[in-house]
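J.: Let me give you the structure first, and then I'll get to my questions.
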Amino acid sequence: MISWVFFDLGGTLLDDSGLVEAIGRAYVESLNTRGYRVAADEFADVRDLMIVRQEHPLFRAAATAFTRDPAVTEEIWEEVKPRVLGAEVEGQRAFPEATGVLETASRHAGLGIIANQYRTVRGVLQRDGIDSFFRVVQISEEAGVSKPDPPIFERALREAGCKPQEAVMVGDRIDFDVEPAKALGFHTVRVKWGVFRNQSAAREGQRPDVEVGSLGDVPAALERLSRRD
């Protein structure tokens, strides 16, 4: 029996395209300041390659393709970080389908969040009117642990008081959502859209139980999993 559904935020419930663009722009500016002469579309192409390769931290991996020096990349990250914090709220908005999907899912299960985000994302959830749907919220900055490491998933399960076999993880990333959740025994739904849409399973443990093409398809996916259970 499925009793809890946990959602990722950026790229799943939240359109984070503005944030992704802001981070990329900040990296390109910092790279060019150091004389690397990188165009925005060139950086985006390398970022997309790193997504396919499942490299992380994603933007730092992309930057290192140009700097060839992880130490320089870390310096750039320290410059970029304050700008990321500024874009965390304005660069993310709930997808139009989010409220309807959460209303439907909440009729059948408790809802939670497992997300790599700064705590400021709570302001996004409140602003867009979806914060009240969630009874469990695990935000990496607050928790001190992050995906894909198991502890953030385990914290969510403990707070919900459920076993992994009773839970579903819904996310857009194979490497950060599907694989770690499956390894713990969660059911998994992958939303294949947005910047991570070109990720594909590199091994059996990365194959989601159900894959859908949009957030609006998630309720039907949850129904399919409930019938299997």
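Every number here is computed from the coordinates shown, using simple stated rules; none is lab data. Just so you know, these numbers come straight off a predicted model, no measurement behind them. Please note: Cβ atoms are built from the backbone with ideal geometry, for glycine as well, and neighbour counts cover all protein chains shown.
J.: Please give the charge dipole size of segment 107-229, origin at the Cα centre, charges +1 on K and R Cβ atoms and -1 on D and E Cβ atoms. Round to the nearest 20 debye. Kindly include the intermediate steps, with their values, before the conclusion.
T.: Working: 19 positive and 18 negative charges, 29 e Å.
That gives segment 107-229 a dipole magnitude of about 140 debye.
J.: Given the convex hull over the Cα atoms of segment 1-123, what projected area results after averaging over all orientations, in nm²?
T.: Working: hull surface 35.5 nm².
Averaged projected hull area, Cα only: 8.9 nm².
J.: Right, another one. Classify the chain: rounded, prolate or oblate, from the alpha-carbon gyration tensor (a ≥ b ≥ c, eigenvalue square roots; a/c under 1.5 rounded; otherwise prolate if a/b is larger than b/c)? Walk me through the numbers on the way to the answer.
T.: Values: a/c = 1.99, a/b = 1.71, b/c = 1.16.
It is prolate, given that a/c is not under 1.5 and a/b is the larger ratio.
J.: Return one number: the angle in degrees, 0 to 90 and rounded to the nearest 10, between the long axis of the Cα atoms of helix 150-160 and the longest principal axis of the Cα atoms of the chain.
T.: The angle comes out at about 40 degrees.
J.: Please give the helix 218-228 orientation as an angle from the longest Cα principal axis of the chain, in degrees from 0 to 90, rounded to the nearest 10.
T.: Between the helix axis and the principal axis of the chain, the angle is about 50 degrees.
J.: How are the alpha carbon pair distances in segment 112-229 distributed across 10 Å bins from zero to the largest one, expressed in percent?
T.: Percent of Cα pairs in each bin: 13, 44, 38, 5.
J.: Could you derive backbone 3J(HN,Hα) for segment 185-196 from the dihedral phi with the Karplus parameters 6.51, -1.76 and 1.60 (θ = phi - 60°), listing whole Hz in sequence and x where the residue is Gly or Pro?
T.: Those phi angles translate into x, 5, 6, 9, 10, 9, 9, 8, 7, x, 5, 9 Hz.
J.: Whole-Hz Karplus ³J(HN,Hα) for segment 39-44, in order, using 6.51 cos²θ - 1.76 cosθ + 1.60 and θ = phi - 60°, x for Gly and Pro?
T.: Values, residue by residue: 7, 4, 5, 5, 5, 4 Hz.
J.: So what's the gap between the Cα centers of segment 164-200 and segment 75-131, to the nearest angstrom?
T.: Value for the Cα centre distance between the two parts: 17 Å.
J.: Sticking with this one: Below 8 Å, C-alpha to C-alpha, sequence gap of six or more: please give me the relative contact order for the chain in percent. Before the final figure, lay out the partial values.
T.: Working: 394 pairs, mean separation 56.7, N = 229.
Relative CO of the chain lands at 25 percent.
J.: Would you work out the relative contact order for segment 17-90, in percent, from Cα pairs under 8 angstrom that are 6 or more residues apart?
T.: On the way: 61 pairs, mean separation 31.0, N = 74.
Dividing the mean separation by the residue count of segment 17-90 yields 42 percent.
J.: Counting helices only, and only those DSSP H runs with n ≥ 4, report the 222 nm mean residue ellipticity of the chain as the sum of -39,500 (n - 2.57) divided by its residues, in deg cm²/dmol to the nearest 500.
T.: Values: 10 runs with 110 residues, N = 229.
Calculated at 222 nm, the ellipticity per residue is -14500 deg cm²/dmol.
J.: Here is a follow-up. Using +1 on the beta carbon of Lys and Arg, -1 on that of Asp and Glu, and nothing else charged, what's the dipole of the chain about the Cα centre, debye to 20? Mind dumping the intermediate values first?
T.: On the way: 29 positive and 37 negative charges, 85 e Å.
Magnitude of the dipole: close to 400 debye.
J.: Is the C-alpha gyration tensor of segment 81-159 telling us rounded, prolate or oblate? Criteria: a/c under 1.5 is rounded; beyond that, a/b larger than b/c is prolate, otherwise oblate. Mind dumping the intermediate values first?
T.: Values: a/c = 2.41, a/b = 1.09, b/c = 2.22.
Oblate.
J.: Something else: Can you compute the charge dipole magnitude of segment 17-90 about its Cα centre, using +1 on each Lys and Arg Cβ and -1 on each Asp and Glu Cβ, nothing else charged? Give it in debye, rounded to the nearest 20. Write out the running numbers ahead of the final one.
T.: Values: 9 positive and 14 negative charges, 29 e Å.
The calculation lands at about 140 debye.
J.: Please name which of ALA183, VAL121, LEU102 has its Cα lying farthest along the dipole of the chain towards the positive end, using unit charges on Cβ (Lys, Arg +1; Asp, Glu -1) and the Cα centre as origin.
T.: ALA183
J.: Report, to the nearest 10°, how far helix 17-33 tilts away from the longest principal axis of the Cα atoms in the chain, using its own Cα long axis and a range of 0 to 90°.
T.: Once rounded, the angle reads 20 degrees.
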